[in-house]
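> Handing you this structure, nothing more for now.
The values are calculated or read from the model by the stated rules, or taken from the named source; none is laboratory data. Values in this document were obtained by computation on a predicted structure and should not be read as measured data. Cβ placement follows ideal geometry from the backbone for every residue including glycine, while neighbour counts extend to all protein chains displayed.
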Amino acid sequence: MGNQYGHMNDKTDVWQGTLALMILKTIETMGPLHGYGIARRIEQTSGNLLSLNYGTLYPALLKLEQEGSIASEWGVSENNRKAKFYKLTRAGRRQLQKEARDWQQATAILARFLSPSGDRA
Amino acid sequence: MKRLRAWLIRLAGLWQAARGDRELADEIASHLQLNIDDNLRAGMHPEQARREAILKLGGIEPTKEAYRDRRTIPLLENLLRDTRFAIRQLRKNPGFTSTAVVVLGLGICASVAIFAFVDASLIKPLPYRDPNRLVGLFEKVQLCPQCPLSYPDYLDWKRLNKVFTAADAFEGSGFSLRTSAGAEMAGGAVVTAGFFKTLGVAPVLGRDFRTGEDAPAAPRTVILSYAAWQKRYAGNAAVLGQTVTLNGDANIIVGVLPRNFHFAAVGPAEFWAALHTNANSCYPQRGCHSLDGLARLRDGVSVRTADANIKQIAGELEKQHQSNRGQGGAVIPLTELEVGRIRPILIVLLCGAGLLLLIACVNVTSLVLVRAESRRREMAVRAALGGSRARMAGQFVTEAVVLVSAATILGLVAATWLMRLLMGLIGEDQLAAMPFLYGLGLNLRVLVFAAAVAVGAVALFSVTPTWRSFLPDLREGLAEGSRGSAGTTWRRFGANLVVLELATAVILLVGAGLLGKSFYRLLHVDMGMQPEHLATLRVAEPDSIRDNNAKVVALAHEIMNRTANLPGVESVAISSLLPVRGGNTMWIRVLGHPFHGEHNEVGYRQVSSGYFTTLRAKLLHGRYFTEADDASKPPVVIIDRALAEKYFPGEDPVGKQMAYAGATSPPMQVVGIVEDIKEGPLDETTWPTMYVAYSQDPDDHFSLVVRTSKGEHALLPTLAATIRRIDPSIATFDPRTMRDRIDNTQAAYLRRCSAWLAGGFALLALLLGAAGLYGVIAYSVSRRTREIGVRMALGAQPRAVYRLILKEAGWLIAAGIAIGLACSLAAATLLRGLLFGVRAADPGTLAEVAAVLGVAALLASYIPARRAASVNPVEALRAE
């Protein structure tokens, strides 16, 4: 695909493995939502700091669905377009809680390492 | 759990590709539409709105690609696609495919079926605890290396040995069973009380014999086989405590054996009675040898140590007891006793099946190679276009897998069928002696064997064409237009393969020829009688009269008189034992010859006066028994030629006297000499045998021999019915014609099975070898069409073309036969134990095999040679 997205280079790419967490959190906050809506919402939540190929969302959604964290259903969007809506399952909710907790713990540890004061005592 | 679920869904996705694709297309379309809507709302031009939306998505096709990879398992999907392609390729060439599948299937069928027999008899452990620690105990005398023990000897061995944790004795014996309809013979055995404990077998119902239950005073007890429990008592648990009358004695049923229990040494016994050594039985005598021993080795004791210990004990007993003179001992592993007889045959047959599999593989390999050869150009083009070698080799592998899978399925199906056929060929009688064969089947071990063969075949069929395709640089294949030198290389390689095939076929043909000849010679061995048109039946007189000799003889005469009056019956006789069975022996001495207590062991038969005329034996000198030789007259004896030559060298035995070895034995006068009759096994030299007059020395168990003018088969049921009418408490059993008896002796049936199977293998090998040769020559002719055309254009006659082609074939055939004959000389030594009346290096067989194979191979190469000779030179040249 070359360099056609060069104008987005000032944005951060989505880290491996965090996309699933973002998707789950987005669906939890917004309720059932279609793929486009989830992508837009992730970009907005990140304050447009994240660069996201919307296409990469779909394999991630499929993986979550295969694992039973989300379920999908065809429906109609707010502006009357046919779209596939994803909603959180009970297992997905549990997974979200666990992964959010893990993530917070990991970032907290890293934050301590990286804090300028170096105050670890 | 989560991962597993995802994998299963992805696996299922393999079969739902079309539906998934449609749904994804819809979802992406909807996504773009939503994005475009937004873009339009933001004020974009419709064209630009659509372009931006697609850009933001990251392209439609890449998205679909990534999604598909996630939806199924890409590796598996590729494999599936390759397999479909391979199946398509193979279907495009049905001739190649069906030939390869059938040929390989045949090889797999033969080897799997034979392996299943090997598994059932040699690999699967016997159904006892630690079967490898069990041994059989025998006495060893000159005529008989594995002879039964006497009960006192058994007790001494048990008491004196330092090598066994337990020793027991048993004897297979038919019981005359009293039923509501009269008497019936049932298979059975008598065993000492510890027998089942020593084997490590516990009854499924009831209890084992208790210690001391084999004492003479103990009440008689019996354990049922599972089959007898089902058949005679409908599997009713209330059978325990009931009594059953065996040989006139009431026995209490105390247990039922497990369903899978078998003990080949006594055949399919229904009743296992505790041994009772009553004073009126012969058990208490040291000279009564009727028991087999069974023992369990102490930990750490080898069979050899045990054997040495027993031999030493037997040596001491020889010194103590006059009757034990010349009697050694032998300890033999139980496994060896049960399967030792069949092992050499199975090994030979497994080798044969292996060779057939080898030929089949070689045949298919050359087919695969020819195919690869014709695809060299395709491969070269693909390589030039950037196809990786791995990907191309992968295609060979996939094709091999498809081919071999089909052949394996075919082979397994055919193998189950072949196994059933072979079981039928073996027959009920012999199965009774080899009960372990009932465990035959496609079990896990057999399937693993089949899988191993299949994996080997896949490796062979994928490696050889790959190797051939990549050996010379691929560019060569492109440049030379796949003609000429590549053909030559293959021709040389293919020629080597054909020599291998022909040589293997020779080995199999020689083996089959030797076994076939042995079988023929065995059936045509001089029996000293005419076995055709003889009906035989075994008879047990009622137990109530067994101690009254006069009544026993009278009833025997009554039976003979009644049967003699049946229509079509020419003559009737009885004998204590039928021919080709071996059996009872006696120790004799010749009066007037020096005697120091040697054991002059000879075969022993009690026969009625008409025995020799009924068998149509040949009287050499003297006379036969007459009705007048009864209990009121001095004892008389007839001897066979072997006994006369051994014990009366250089004198005329008629009129001389002989006696049993015991000091009190009365003298018997020799009245006649007959030509040797095959009383013992067909494949053994005839034992010296003595015949005594039944009326002077009767037995309540005997066999009836009836000569008919016709229809001896039809007579069998009539015989049994006639005897039953005399007295229903007479038990009759084992009705068979003499021919049937001879054909079903172990010596005959073992050779029959092996000869038929080896013959079948050899025939297939011959066909495959000839087909392989045909393939190579036909290929060579097709490659040389142009050359032949040139030769003919230059004036060569068809005869010269024939010579050209047949010379090429002739070299291959000669090489194949020469190598094959050399190898078969070595292979035949493996057969030696199975041969009869023919040497392992039999020049006749070798010459016949060479001739048969030579003719078949020349025929196979004649067909392409004729095609070559009929080449039209003009067309051949134009075709290039």
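> State the number of residues belonging to region B:52-65 that are under 15 Å from A:Leu61 (Cα atoms) and crowded, with 19+ Cβ neighbours inside 10 Å.
Taking region B:52-65 as the starting set, the residues that turn out to be under 15 Å from A:Leu61 (Cα atoms) are B:57, B:63-65.
Applying the additional criterion that residues be crowded, with 19+ Cβ neighbours inside 10 Å yields B:57, B:63.
Of the residues in region B:52-65, 2 are under 15 Å from A:Leu61 (Cα atoms) and crowded, with 19+ Cβ neighbours inside 10 Å.
> Which condition number does B:Val871 fail, the rest of (1) farther than 18 Å from B:Gly772 by Cα; (2) part of a helix (DSSP H, G or I) being met?
Only one criterion in (1) farther than 18 Å from B:Gly772 by Cα; (2) part of a helix (DSSP H, G or I) is unmet by B:Val871, namely (2).
> Failed condition for B:Pro653, given (1) at pLDDT below 95; (2) surrounded by 20 or more Cβ atoms within 10 Å (Cβ to Cβ); (3) farther than 16 Å from B:Gly528 by Cα; (4) within 45 Å of the chain's Cα centre (by Cα), with all others met?
It is condition (4) that B:Pro653 fails.
> Of the numbered conditions (1) touching an Asp or Glu at 6+ places or on another chain (Cβ under 6 Å); (2) modelled with pLDDT of 90 or more, B:Val455 fails exactly one; give the number of that condition.
Tallying (1) touching an Asp or Glu at 6+ places or on another chain (Cβ under 6 Å); (2) modelled with pLDDT of 90 or more, B:Val455 fails exactly one: (1).
> Okay, next question. Could you list all residues from region B:519-577 that are among the acidic types (Asp, Glu), buried (at least 21 other Cβ atoms within 10 Å of the Cβ) and assigned to a helix (DSSP H, G or I)?
Applying the first criterion (among the acidic types (Asp, Glu)) to region B:519-577 yields B:526, B:532, B:541, B:543, B:547, B:558, B:570.
Retained after the next criterion (residues that are buried (at least 21 other Cβ atoms within 10 Å of the Cβ)): B:541.
Across region B:519-577, there are no qualifying residues.
> Just for region A:97-121: of the residues that are under 22 Å from A:Thr29 (Cα atoms) and of a type in the set (D, E, K, R), which one is farthest from the other protein chains (Cβ to nearest Cβ)? If you could, list the steps in order and put the result at the bottom.
Here is the first cut: in region A:97-121, the residues under 22 Å from A:Thr29 (Cα atoms) are A:97-105, A:107.
Remaining after also requiring of a type in the set (D, E, K, R): A:98-99, A:101-102.
On the way: A:Lys98: 12, A:Glu99: 12, A:Arg101: 17, A:Asp102: 15 Å.
Checked region A:97-121; the qualifying residue farthest from the other protein chains (Cβ to nearest Cβ) is A:Arg101.
> With B:Gly789, B:Gly810, B:Gly760 as the choices, which residue is out of contact with any strand residue (DSSP E or B) (no Cβ under 7 Å at 6 or more places or on another chain), in the same structural domain as B:Arg867 (by TED's automatic domain parsing), in a helix (DSSP H, G or I) and buried (at least 18 other Cβ atoms within 10 Å of the Cβ)? Give the derivation first.
Working: B:Gly810 fails: buried (at least 18 other Cβ atoms within 10 Å of the Cβ); B:Gly760 fails: buried (at least 18 other Cβ atoms within 10 Å of the Cβ).
Only one candidate qualifies: B:Gly789.
Rundown of residues vs (1) surrounded by fewer than 12 Cβ atoms within 10 Å (Cβ to Cβ); (2) under 31 Å from the mean Cα position of the chain (by Cα); (3) not small (Gly, Ala, Ser), yes/no style:
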site: B:Ala828; (1), (2), (3): no, yes, no
site: B:Val849; (1), (2), (3): no, yes, yes
site: B:Ala856; (1), (2), (3): no, yes, no
site: B:Ala865; (1), (2), (3): no, no, no
site: B:Val871; (1), (2), (3): no, no, yes
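> Select from region B:830-840 the residues that are surrounded by 16 or more Cβ atoms within 10 Å (Cβ to Cβ) and free of Cβ contacts under 8 Å to residues at least 60 places away in the same chain and list them in ascending order.
Across region B:830-840, there are no qualifying residues.
> Related question: Got a sec? Which of B:Tyr154, B:Tyr128 is aromatic (Phe, Trp, Tyr) and assigned to a loop (DSSP other than H, G, I, E, B)? Before the answer, list the steps.
Values: B:Tyr154 fails: assigned to a loop (DSSP other than H, G, I, E, B).
None of the others qualify; the one that does is B:Tyr128.
> For residues that are without any contact (Cβ under 8 Å) to a residue 40 or more places away in the chain and within 11 Å of another protein chain (Cβ to nearest Cβ), scanning just region A:38-52, find the one that is surrounded by the most Cβ atoms within 10 Å (Cβ to Cβ).
Just the residues of region A:38-52 that are without any contact (Cβ under 8 Å) to a residue 40 or more places away in the chain, to begin with: A:39-50, A:52.
From what is left, the residues that are within 11 Å of another protein chain (Cβ to nearest Cβ) are A:39-40, A:43, A:52.
On the way: A:Ala39: 27, A:Arg40: 19, A:Glu43: 17, A:Leu52: 21.
Looking at the filtered set, the residue picked out is A:Ala39.
> Which of (1) without any contact (Cβ under 8 Å) to a residue 60 or more places away in the chain; (2) more than 18 Å from B:Ala661 (Cβ to Cβ) does B:Leu615 not meet, given it meets every other one?
(1)
> Go through (1) over 21 Å from B:Val370 (Cβ atoms); (2) assigned to a helix (DSSP H, G or I) one by one and return the number of the condition B:Ser780 breaks.
Evaluating B:Ser780 over (1) over 21 Å from B:Val370 (Cβ atoms); (2) assigned to a helix (DSSP H, G or I) leaves (1) as the failure.
> Being in contact (Cβ under 8 Å) with a residue 12 or more places away in the chain and either out of contact with any His (no Cβ under 9 Å at 6 or more places or on another chain) or more than 9 Å from every other protein chain (Cβ to nearest Cβ) (or both) is the filter here; which residues of region B:26-48 pass it? Spell out how you get there, then give the answer.
Start the filter on region B:26-48 by keeping residues that are in contact (Cβ under 8 Å) with a residue 12 or more places away in the chain, which leaves B:28, B:31-32, B:35-36, B:39.
Residues satisfying the conditions are B:Ile28, B:Leu32, B:Asn35, B:Ile36, B:Asn39.
> Restricting region A:57-96 to residues that are assigned to a helix (DSSP H, G or I) and of a type in the set (A, V, I, L, M, F, W, C), which is farthest from the other protein chains (Cβ to nearest Cβ)?
Looking at residues that are assigned to a helix (DSSP H, G or I) and of a type in the set (A, V, I, L, M, F, W, C), I get A:Leu96.
> Does B:Ser861 fit the bill of being loosely packed, with under 14 Cβ neighbours inside 10 Å and more than 16 Å from B:Leu508 (Cα to Cα)?
Values: loosely packed, with under 14 Cβ neighbours inside 10 Å: no; more than 16 Å from B:Leu508 (Cα to Cα): yes.
Spelling it out, it is not the case that B:Ser861 is loosely packed, with under 14 Cβ neighbours inside 10 Å and more than 16 Å from B:Leu508 (Cα to Cα).
> Could you look through region B:54-85, keep only residues that are assigned to a helix (DSSP H, G or I) and of a type in the set (S, T, N, Q), and pick out the one that is nearest to the other protein chains (Cβ to nearest Cβ)?
So the first thing to find is which residues in region B:54-85 are assigned to a helix (DSSP H, G or I), and the list is B:54-57, B:60-71, B:74-85.
Keeping just the survivors that are of a type in the set (S, T, N, Q) gives B:63, B:78, B:83.
Values: B:Thr63: 3, B:Asn78: 18, B:Thr83: 25 Å.
Residue satisfying both the conditions and the ranking: B:Thr63.
> Checking the condition in contact (Cβ under 8 Å) with a residue 12 or more places away in the chain and over 30 Å from B:Ser754 (Cα atoms), which residue from B:Gly513, B:Gly597 passes?
Working: B:Gly513 fails: over 30 Å from B:Ser754 (Cα atoms).
Answer to the check: B:Gly597.
> Ok, one more. Of all residues in region B:2-16 being more than 9 Å from every other protein chain (Cβ to nearest Cβ) and either in contact (Cβ under 8 Å) with a residue 24 or more places away in the chain or at positive phi (or both), which is surrounded by the most Cβ atoms within 10 Å (Cβ to Cβ)?
Residue satisfying both the conditions and the ranking: B:Leu14.
> Out of B:Arg51, B:Arg19, which single residue is within 12 Å of chain A (Cβ to nearest Cβ) and of a type in the set (D, E, K, R)? Quick ask: steps written out before the conclusion?
Working: B:Arg19 fails: within 12 Å of chain A (Cβ to nearest Cβ).
It is B:Arg51.
> While we're here: Looking at B:Ser290, is it over 30 Å from B:Arg752 (Cβ atoms), of a type in the set (Ser, Thr, Tyr), touching a Pro at 6+ places or on another chain (Cβ under 9 Å) and surrounded by fewer than 21 Cβ atoms within 10 Å (Cβ to Cβ)? Walk me through it before giving the result.
Details: over 30 Å from B:Arg752 (Cβ atoms): yes; of a type in the set (Ser, Thr, Tyr): yes; touching a Pro at 6+ places or on another chain (Cβ under 9 Å): yes; surrounded by fewer than 21 Cβ atoms within 10 Å (Cβ to Cβ): yes.
Answer is yes for this residue.
> Here is a follow-up. Quick check on B:Val362: is it assigned to a helix (DSSP H, G or I) and touching a Leu at 6+ places or on another chain (Cβ under 9 Å)? I'd like the intermediate steps shown before the answer.
On the way: assigned to a helix (DSSP H, G or I): yes; touching a Leu at 6+ places or on another chain (Cβ under 9 Å): yes.
Yes.
> Can you tell which of A:Leu110, A:Leu114, A:Leu50, A:Leu96 is farther than 25 Å from B:Thr72 by Cβ and modelled with pLDDT of 90 or more?
Of the residues listed, the single one that is farther than 25 Å from B:Thr72 by Cβ and modelled with pLDDT of 90 or more is A:Leu96.
> Looking only at region B:72-81, decide whether some residue is buried (at least 17 other Cβ atoms within 10 Å of the Cβ) and of a type in the set (A, V, I, L, M).
Narrowing region B:72-81 to residues buried (at least 17 other Cβ atoms within 10 Å of the Cβ): B:72, B:77.
Right, trim to of a type in the set (A, V, I, L, M) and you get none.
Within region B:72-81, none of the residues are buried (at least 17 other Cβ atoms within 10 Å of the Cβ) and of a type in the set (A, V, I, L, M).
> What residue, of B:Ala250, B:Ala295, is in a strand (DSSP E or B) and loosely packed, with under 14 Cβ neighbours inside 10 Å? Working first, answer last.
Numbers: B:Ala295 fails: loosely packed, with under 14 Cβ neighbours inside 10 Å.
Only one candidate passes the filter, namely B:Ala250.
> Within region B:384-392, identify whether any single residue is farther than 21 Å from B:Leu356 by Cα, surrounded by fewer than 19 Cβ atoms within 10 Å (Cβ to Cβ) and either in contact with a Phe, Trp or Tyr (Cβ under 8 Å, 6 or more places away or on another chain) or modelled with pLDDT of 90 or more (or both), and answer yes or no.
yes
> Within region B:302-334, count every residue that is surrounded by fewer than 18 Cβ atoms within 10 Å (Cβ to Cβ) and part of a loop (DSSP other than H, G, I, E, B).
Number satisfying all stated conditions: 4.
> When you go through (1) surrounded by 16 or more Cβ atoms within 10 Å (Cβ to Cβ); (2) part of a helix (DSSP H, G or I); (3) more than 9 Å from every other protein chain (Cβ to nearest Cβ) one by one for B:Ser98, which number turns out not to apply?
(1)
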